[in-house]
Amino acid sequence: MPKRHIAVHQADHENTVGNGYTGRLGRRKIAAHNPAHDNYGEQKGDHAADISREEQQAQTVEAILNMMEAHKDQKQEEAMMTYEQISPQEAKERMDKEADVIILDVRTQEEYDSRHIKNAVCLPNEDILREPDILPDKGRQILVYCRSGNRSKQAAQKLADMGYENVLEFGGILDWPYPELVE
């Protein structure tokens, strides 16, 4: 086994020290150098790869950058696939101010028929398996509710996952404080 050599460097200016470690002005850096590692070998598969330290470092940097980019893309995608939770009061304000808002009741047809918020359309949560025909515009504001708030959260997430961009969930009709808007 080869001996390990320790090299101590005084960095007089921003420079590369020892094994590629960048030092700062006036600081001492200790860089371990093992001559056996001048060629990393066995980088690709189980056979000896003739690869220099610089090539190996370049491959490592490229792999790290690719992983960071993939992680960033995943985070952006996750951020896009979300919905906003609002209060019943905020939902009513939007209903009053905006003419083209869709009020989506995700309870069963029987529950909807017994009572629902005025101007709501029924699309049971269980039926949201693919993009619904009654919601062709993915940019339109959709206010989602159910009985207690559980199914509306599930439905809102499904719609967001399908690419609907303006999904707002406001809980259940049990907590709806505006009886005059229920029919």
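Overview of results
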quantity	calculated
Hits in the stretch 147-162 (condition: of a type in the set (A, V, I, L, M, F, W, C) and either free of Cβ contacts under 8 Å to residues at least 60 places away in the same chain or crowded, with 22+ Cβ neighbours inside 10 Å (or both))	A155, A156, L159, M162
The stretch 163-180 - residue that is surrounded by 16 or more Cβ atoms within 10 Å (Cβ to Cβ) and aliphatic (A, V, I, L, M) and, of those, farthest from the chain's Cα centre (by Cα)	I173
Those strands (runs of 3 or more DSSP E) lying entirely in the stretch 78-146 with at least 1 residues without any contact (Cβ under 8 Å) to a residue 40 or more places away in the chain and more than 29 Å from the chain's Cα centre (by Cα)	120-122
Residue in the stretch 162-169 that is under 18 Å from H116 (Cβ atoms), of a type in the set (V, I, T) and modelled with pLDDT of 95 or more present	no
Any chance R130 is in the same structural domain as D100 (by TED's automatic domain parsing) and at pLDDT below 95	yes
Subset of the stretch 164-183 [touching a strand residue (DSSP E or B) at 6+ places or on another chain (Cβ under 7 Å) and on the phi < 0 side of the Ramachandran plot]	Y164, N166, V167, L168, E169, F170, G172, I173, W176, L181, V182
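The values are calculated or read from the model by the stated rules, or taken from the named source; none is laboratory data. None of the values given here were measured: they were computed from a predicted structure. Reconstructed Cβ throughout: ideal geometry from the backbone, glycine too, with neighbour counts over all protein chains shown.
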